[in-house]
4 protein chains.
Amino acid sequence: MKVGVVGAGLVGATAAYALTLRGSCSDLVLTDKDEPRAQAEAQDIAHAAPVSHGTRVTSGPLEALSGSAVVIVAAGANQQPGESRLDLTGRNAAIFRDLIPGVAAQAPGAVLLIATNPVDALTDLATRLAPEHAVLGSGTVLDSARFRHLIARRAGVDPTHVHGYVLGEHGDSEVLAWSTVTVAGLPVEDFMAARGLPWTPEIRAEIETGTRDAAAHIIGGKRATYYGIGASLARIAERILGDRRAVLTVSAPTPEFGVSLSLPRIVGSGGIEGTVMPRLTPEEQQALEASAGVLRQASEGLEN
Amino acid sequence: MKVGVVGAGLVGATAAYALTLRGSCSDLVLTDKDEPRAQAEAQDIAHAAPVSHGTRVTSGPLEALSGSAVVIVAAGANQQPGESRLDLTGRNAAIFRDLIPGVAAQAPGAVLLIATNPVDALTDLATRLAPEHAVLGSGTVLDSARFRHLIARRAGVDPTHVHGYVLGEHGDSEVLAWSTVTVAGLPVEDFMAARGLPWTPEIRAEIETGTRDAAAHIIGGKRATYYGIGASLARIAERILGDRRAVLTVSAPTPEFGVSLSLPRIVGSGGIEGTVMPRLTPEEQQALEASAGVLRQASEGLEN
Amino acid sequence: MKVGVVGAGLVGATAAYALTLRGSCSDLVLTDKDEPRAQAEAQDIAHAAPVSHGTRVTSGPLEALSGSAVVIVAAGANQQPGESRLDLTGRNAAIFRDLIPGVAAQAPGAVLLIATNPVDALTDLATRLAPEHAVLGSGTVLDSARFRHLIARRAGVDPTHVHGYVLGEHGDSEVLAWSTVTVAGLPVEDFMAARGLPWTPEIRAEIETGTRDAAAHIIGGKRATYYGIGASLARIAERILGDRRAVLTVSAPTPEFGVSLSLPRIVGSGGIEGTVMPRLTPEEQQALEASAGVLRQASEGLEN
Amino acid sequence: MKVGVVGAGLVGATAAYALTLRGSCSDLVLTDKDEPRAQAEAQDIAHAAPVSHGTRVTSGPLEALSGSAVVIVAAGANQQPGESRLDLTGRNAAIFRDLIPGVAAQAPGAVLLIATNPVDALTDLATRLAPEHAVLGSGTVLDSARFRHLIARRAGVDPTHVHGYVLGEHGDSEVLAWSTVTVAGLPVEDFMAARGLPWTPEIRAEIETGTRDAAAHIIGGKRATYYGIGASLARIAERILGDRRAVLTVSAPTPEFGVSLSLPRIVGSGGIEGTVMPRLTPEEQQALEASAGVLRQASEGLEN
Ligand SMILES: NC(=O)c1ccc[n+]([C@@H]2O[C@H](COP(=O)([O-])OP(=O)(O)OC[C@H]3O[C@@H](n4cnc5c(N)ncnc54)[C@H](O)[C@@H]3O)[C@@H](O)[C@H]2O)c1
Ligand SMILES: NC(=O)c1ccc[n+]([C@@H]2O[C@H](COP(=O)([O-])OP(=O)(O)OC[C@H]3O[C@@H](n4cnc5c(N)ncnc54)[C@H](O)[C@@H]3O)[C@@H](O)[C@H]2O)c1
Ligand SMILES: NC(=O)c1ccc[n+]([C@@H]2O[C@H](COP(=O)([O-])OP(=O)(O)OC[C@H]3O[C@@H](n4cnc5c(N)ncnc54)[C@H](O)[C@@H]3O)[C@@H](O)[C@H]2O)c1
Ligand SMILES: NC(=O)c1ccc[n+]([C@@H]2O[C@H](COP(=O)([O-])OP(=O)(O)OC[C@H]3O[C@@H](n4cnc5c(N)ncnc54)[C@H](O)[C@@H]3O)[C@@H](O)[C@H]2O)c1
């Protein structure tokens, strides 16, 4: 079970590290146009393997991707303080036009897992650039994790007990689908009441802001975000490698919205194997359509 | 099961991330004199918890360490390109004199796991500064991992199949105890012969250099090393938390050498529970004594 | 981290095996009045440790429980084909009166995790016999797993995607709380609709019967049930050992119902740390009260 | 990732349970000529999945094996008290002649992992009956685990710290290769000396007897052995599924000995990918040849 990582920057390397620590694959190869960096990252990660599960971690040129079951694409520029994800579109689209056909040629049969931002537009683009491949974007898997983390903190439980989806764009227009939130299986307001914990519009607003601004806040404090996304990418890759048919809010072209965006989707060895549309409130539905609108506009000019 | 991390820089944060990805503890708190950094790191790591095992990750002042079973100390300056680990002694000893008594006071009963360099001298110092605590240094756990990784690559096996110890200083004088090396249980030369693989003095020399220069090489390519050490710290902490009585080359004051250095030691909930001295060749034994000499000299002036 | 198992029969040994395979503890001791059986089970399980996570598995007399953080009690008679769980009450209560005070004396500070049937009545009894100990029963953790398994099969997803509680008695009067069921976070009927899967009263009835009759059905085919309960006990024990504060439907004395029964409860190192009562439909609430009534009646004559 | 199990008796079901508890595969199917038993075992195991990693566990006819990456074969009679493994030869060979061609037809491309005894002779036979398949036997993986467990107990360490091979027959003539034994990387006698522990010919003899008689002893106390072998089978299957290229003492036809027996072999997705012959003492070498002689004799009459 081999995983390839294209773009051994903070995000790509952290995803590779997460896969190594969890023993999710037997072989892992990092590739980057900055070869010394890819080599140094691969070495540092390889030193984690003897005290983990023995994954063989190497670096190499694009050809080294051959035989990968999953290729994670995290190459490209990332947000600078003050920039939004959409500001990256042009630069990263150019990189993708250059890069993806080669990746596709070297790794036939691999599922391509896109992380580069803006992830929805680039998933769309990668789908067109690699028409024979299953392609999906990390989408709002990370945003859903952030949302759950903040709810869990309020509820005083560990975050695996919280369920709830963030849908639409991985970005400012994303939809926090409160109607899907449960804590330990109870509607969030019931859980809070049962535990005698406060639950007010202010707290909800604070969680909304916290979710939406998490990246900006972390970038403010440490210049980049990579731990959360690294773990999210590892999780998605594991579900593909193990053919788990797990439900994750990954991004993919969605005909009814005319663009790539995140909905809960069944993920297995073939990539996306179905979509499970939750029943949203009218407000949520409207917000989702608005988010799709933002994405459609952002995608203009990316028509391959 | 709570773990504290003091110094939420690259090493401390990466160790916390590794613990979160593996679900090694239920609670994790990061503390740093740079509070916004600790907060941003804790947030980024916390976003990995919902897609991992639900660890509750927070940041806070020193008081937040209360209740920790293990405290990892990674605060301090790290090597710049061209610097050796010992160059850091004065600066980091000053930080320890300031910091360790407070850590000890806030986390009575915790095992202190030291990562800051030069790790042997600082383990020595921390032992004196926290006389009621079990203290150990990450020592050559990382170097042993690097050594095994390089042998594994030559042997064509996964690195968990390689055994072998690096002893003495975590630094230039460390001893690669070739006499302890086995691959899949066979002496390394037998394994290579059985697989028809080359095994020459040149290859051994290359592995020696590769092990000793790994940090410098990685620092050259990516400015700092943190993945290997983060996983090593997580592994040591797990062995303490789970009372595993595992054998690891951690650093601790060693009366027969008059200084702290690494030997294979049994690690459990009480910290170090014994030492298992392998039979070395005369050359290895001599090199170990020389390494102890280097360390004794470096420790001068650190007498608390 | 030591776990004790009292009663090394099919259930006790299987729980010990599950803990060993998952590496949930460092030490495991089995005790049984049939000493050769405990010894043979411990040996067979111990042979799994070298190919798992190295747990030390031994057998011994009651004194060997000393130092355990959790003691699983699975001693006693089990159901014969045609018997209900309540038929075991008298025999197993007598065993408990004999056994529990000794267990409590040997393992001060341990959380007692009761598996012996009828588990609710015996949890009640054990609570009185070990007044200084935290005591909980495996309750409907297993029944909830069975319920989820059957729903997952219909939904075509893996069973970790299904949430839903079985409450009340671990036995015929248990309440399948359909109002708490979600699949991938969607109400079960929404999920089935989204996937184009049938969902009818007949299917629900089939799942109800399947859950309630699972034990009888398995006993018919293989004489006893132990895999599901073994994994459930391991899961509960792990949550206690790791202080996870996880929500599980374990059994404990419940003042508002005047008897021990299962509700979703927060489980951590101190045993039960709270209860999270879901909002039930009036029918479910009534069924829960009826179940409590059955249990109160069954407990009569067990007043220590 | 699907695993099939043929023969849902104690051994087959326990292996399936181990795979489920560790989440080693996404799908697991049990098949047995006793269909109600296969169904009951699959159900009981399936109830472990919701509290583990969500494996989908089912039962079915031979056709249900389709799509398996590994098929574990544990169908057949097992030893009764007083019987040796070789006494089972005729009965189980007949079952194999009947069964294996059908298994091979239903699961093209699967690696066949044989557990039925006498495992060496039946691995030989299965290799001939399924000439297109990679076939290997569990061999002395279990015996090596037993050997390590007994040494670990004497050494006071956890058994993952002990290395050492049992070679040749899975049976009375097996060779305990003491020359390959290390504890925490030290030759066993050095480790014992370093820890001040006794190490005498009597202790070695006791460990030899304990290893060789483990099965008989366990069968005496609980009628059958299945936990150790179940975990061993799970481990081997995991190494195949994950293409780990791990070294395990599995059984396979070995031209230089003219029969199937166990040597340390590299196990990956293609089954056995190489053999690593340790340097044995002359006595060990001779004992290995004697063991091969026993096996050759036992194989007579099995020439398909
Ligand atoms: N999807 C998410 O949730 C999420 C979260 C965080 C970051 N990101 C995105 O991930 C991307 C990477 O971020 P980062 O922090 O790792 O950045 P980084 O600058 O650390 O790394 C980017 C790497 O890509 C490499 N690269 C650039 N062009 C390349 C090419 N043509 N071929 C090969 N490699 C090339 C660079 O050399 C560099 O090593 C950014 O677009 C960022 O916005 C996404
Ligand atoms: N033991 C090993 O094998 C190993 C390997 C790599 C690095 N290291 C060492 O680990 C240390 C940390 O390296 P890094 O890369 O994380 O450095 P870093 O600069 O990224 O982080 C160091 C952190 O320590 C904090 N800090 C400094 N003084 C403090 C104080 N008094 N109280 C609290 N926090 C304080 C800083 O604010 C900073 O966040 C260095 O000494 C480095 O040499 C050890
Ligand atoms: N809670 C659940 O969900 C659940 C599920 C299955 C079984 N069970 C119950 O678990 C219990 C055990 O079932 P089993 O299948 O393992 O039965 P078993 O007959 O295989 O084992 C019972 C063991 O208890 C031992 N024992 C009896 N009295 C003892 C004493 N005084 N001290 C020490 N040991 C004693 C016996 O020697 C025997 O080894 C039964 O009561 C059964 O109904 C509970
Ligand atoms: N390799 C080892 O280290 C090791 C260890 C223990 C047991 N074993 C062997 O494993 C085998 C199984 O032992 P067990 O304890 O599970 O026995 P068991 O009697 O519990 O189970 C054997 C199963 O095989 C089934 N079976 C028989 N013929 C069949 C056929 N033609 N098609 C399908 N299924 C068939 C039976 O119905 C039964 O369910 C025995 O040969 C035993 O000696 C091997």
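The values are calculated or read from the model by the stated rules, or taken from the named source; none is laboratory data. Treat the numbers as computed from the prediction; the structure is a model and nothing was measured. For neighbour counting, all protein chains shown are included, and Cβ atoms are generated from backbone atoms with ideal geometry for every residue, glycine included.
Is one or more of the residues making up segment B:82-90 among the small types (G, A, S), more than 16 Å from ligand 4 (Cβ to nearest atom), modelled with pLDDT under 95 and assigned to a helix (DSSP H, G or I)? Let's see the steps before the verdict.
Initial filter on segment B:82-90 (among the small types (G, A, S)): B:82, B:84, B:90.
Filter once more, keeping what is more than 16 Å from ligand 4 (Cβ to nearest atom): B:82, B:84, B:90.
Remaining after also requiring modelled with pLDDT under 95: B:82, B:84, B:90.
Then drop every residue that is not assigned to a helix (DSSP H, G or I), which leaves B:90.
For segment B:82-90, residues among the small types (G, A, S), more than 16 Å from ligand 4 (Cβ to nearest atom), modelled with pLDDT under 95 and assigned to a helix (DSSP H, G or I): present.
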Item to check | Of all residues making up segment D:156-183, the number that are modelled with pLDDT under 95 and among the aliphatic types (A, V, I, L, M) | outcome: 1
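Of the residues that sit in segment D:227-261 and are farther than 30 Å from C:Q39 by Cβ and of a type in the set (D, E, K, R), which one is nearest to ligand 1 (Cβ to nearest atom)? Talk me through it step by step, then tell me what you get.
The first filter runs over segment D:227-261 and keeps only residues farther than 30 Å from C:Q39 by Cβ, leaving D:239-247, D:252-261.
Right, trim to of a type in the set (D, E, K, R) and you get D:239, D:243-245, D:256.
Working: D:R239: 33, D:D243: 26, D:R244: 29, D:R245: 29, D:E256: 49 Å.
Checked segment D:227-261; the qualifying residue nearest to ligand 1 (Cβ to nearest atom) is D:D243.
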Next on the checklist: Looking at segment D:142-161 only, could you name the residues that are farther than 22 Å from D:E283 by Cα and without any contact (Cβ under 8 Å) to a residue 40 or more places away in the chain?
Outcome noted: D:H149, D:A152, D:R153, D:V157, D:D158, D:P159, D:T160, D:H161
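Given A:R235, A:R244, which one is within 14 Å of chain B (Cβ to nearest Cβ), closer than 17 Å to A:V73 by Cβ and among the basic types (K, R)?
Working: A:R244 fails: closer than 17 Å to A:V73 by Cβ.
Answer to the check: A:R235.
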Checklist entry - Any idea which of (1) farther than 30 Å from B:L241 by Cβ; (2) in contact with a strand residue (DSSP E or B) (Cβ under 6 Å, 6 or more places away or on another chain); (3) within 16 Å of ligand 3 (Cβ to nearest atom) is the one C:V250 doesn't satisfy? => result (1)
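Can you name every residue in segment D:221-238 that is away from ligand 3 (no atom under 16 Å from the Cβ), surrounded by 24 or more Cβ atoms within 10 Å (Cβ to Cβ) and not β-branched (V, I, T)?
Correct list: D:G228, D:G230, D:A231, D:S232, D:L233, D:A234, D:R235, D:A237.
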Checklist entry - Considering segment A:132-154 alone, what residues qualify as being more than 14 Å from chain B (Cβ to nearest Cβ) and either crowded, with 24+ Cβ neighbours inside 10 Å or under 15 Å from the mean Cα position of the chain (by Cα) (or both)? => result A:V135, A:L136, A:G137
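How many residues does segment C:247-290 contain that are of a type in the set (D, E) and within 14 Å of another protein chain (Cβ to nearest Cβ)? Even if it seems obvious, please write down each step before you answer.
So the first thing to find is which residues in segment C:247-290 are of a type in the set (D, E), and the list is C:256, C:273, C:283-284, C:289.
Now restrict to residues that are within 14 Å of another protein chain (Cβ to nearest Cβ): C:256, C:273, C:284.
So the count comes out to 3.
Can you spot a residue in segment B:94-101 that is free of Cβ contacts under 8 Å to residues at least 12 places away in the same chain and hydrophobic (A, V, I, L, M, F, W, C)?
At the first step, the residues of segment B:94-101 found to be free of Cβ contacts under 8 Å to residues at least 12 places away in the same chain are B:94, B:98.
When the remaining residues are screened for being hydrophobic (A, V, I, L, M, F, W, C), the result is B:94.
Looking through segment B:94-101, at least one residue is free of Cβ contacts under 8 Å to residues at least 12 places away in the same chain and hydrophobic (A, V, I, L, M, F, W, C).
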Item to check | Tally of residues being more than 27 Å from D:A215 (Cα to Cα), in contact with a Ser or Thr (Cβ under 7 Å, 6 or more places away or on another chain) and part of a loop (DSSP other than H, G, I, E, B) across segment D:59-81 | outcome: 2
Item to check | Unique residue being hydrophobic (A, V, I, L, M, F, W, C) and either under 23 Å from D:A290 (Cβ atoms) or facing chain C (nearest Cβ under 7 Å) (or both) when the list is D:L167, D:L129 | outcome: D:L167
Checklist outcome for this item: B:G230 meets each of (1) within 16 Å of ligand 2 (Cβ to nearest atom); (2) more than 14 Å from every other protein chain (Cβ to nearest Cβ) with one exception, condition (2)
Next on the checklist: So if I check each of C:A40, C:A48, C:A8, which one is modelled with pLDDT of 95 or more and under 19 Å from C:A77 (Cα atoms)?
Outcome noted: C:A8
Checklist outcome for this item: A:V181 passes all but one of the listed conditions (1) touching a residue at least 24 places away in the same chain (Cβ under 8 Å); (2) within 14 Å of chain B (Cβ to nearest Cβ); (3) assigned to a helix (DSSP H, G or I); (4) surrounded by fewer than 24 Cβ atoms within 10 Å (Cβ to Cβ); the exception is number (3)
Next on the checklist: Kindly evaluate D:Q43 against the criterion of being farther than 24 Å from D:H170 by Cβ and among the polar types (S, T, N, Q).
Outcome noted: yes
Next on the checklist: Just to be sure I understand, how many residues within segment C:59-83 are within 13 Å of chain D (Cβ to nearest Cβ) and not small (G, A, S)?
Outcome noted: 1
Item to check | Which listed residue is more than 24 Å from B:T123 (Cβ to Cβ), buried (at least 22 other Cβ atoms within 10 Å of the Cβ) and in contact with a Phe, Trp or Tyr (Cβ under 8 Å, 6 or more places away or on another chain), from B:A13, B:A48, B:A42 | outcome: B:A48
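Would you mind stating whether C:I203 is modelled with pLDDT of 95 or more, buried (at least 22 other Cβ atoms within 10 Å of the Cβ) and either assigned to a helix (DSSP H, G or I) or touching a Cys at 6+ places or on another chain (Cβ under 8 Å) (or both)?
Working: modelled with pLDDT of 95 or more: yes; buried (at least 22 other Cβ atoms within 10 Å of the Cβ): no; either assigned to a helix (DSSP H, G or I) or touching a Cys at 6+ places or on another chain (Cβ under 8 Å) (or both): yes.
No: the conditions fail for C:I203.
Which of the residues spanning segment A:3-58 are assigned to a helix (DSSP H, G or I), at the interface with another protein chain (Cβ under 7 Å from one of its Cβ atoms) and under 13 Å from B:A18 (Cα atoms)? I'd like the intermediate steps shown before the answer.
From segment A:3-58, those assigned to a helix (DSSP H, G or I) are A:10-22, A:35-46; that's our starting set.
Checking which are at the interface with another protein chain (Cβ under 7 Å from one of its Cβ atoms) leaves us with A:17-18, A:21-22, A:36-37, A:39-41, A:43-46.
Passing the criteria: A:Y17, A:A18, A:L21, A:R22, A:I45.
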Checklist entry - C:D190 versus (1) within 23 Å of C:Q286 (Cα to Cα); (2) away from chain D (no Cβ under 11 Å); (3) touching a Lys or Arg at 6+ places or on another chain (Cβ under 7 Å): which is the lone unmet condition? => result (1)
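Does A:G220 satisfy the condition of being within 9 Å of chain B (Cβ to nearest Cβ) and within 17 Å of A:E174 (Cβ to Cβ)? Working first, answer last.
On the way: within 9 Å of chain B (Cβ to nearest Cβ): yes; within 17 Å of A:E174 (Cβ to Cβ): no.
For A:G220, the condition - within 9 Å of chain B (Cβ to nearest Cβ) and within 17 Å of A:E174 (Cβ to Cβ) - is not met.
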Next on the checklist: From the list C:D98, C:D120, C:D124, C:D172, exactly one residue is closer than 23 Å to C:G67 by Cα, away from chain D (no Cβ under 14 Å) and among the acidic types (D, E). Which is it?
Outcome noted: C:D98
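Residues checked against (1) in a loop (DSSP other than H, G, I, E, B); (2) over 26 Å from D:S179 (Cβ atoms):
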residue	(1), (2)
D:R235	no, no
D:I240	no, yes
D:D243	yes, yes
D:S251	no, no
D:L261	no, no
D:P264	no, no
D:E283	no, no
D:S291	no, no
Checklist outcome for this item: (1) within 26 Å of D:A8 (Cβ to Cβ); (2) surrounded by fewer than 19 Cβ atoms within 10 Å (Cβ to Cβ) all hold for D:E300 apart from (1)
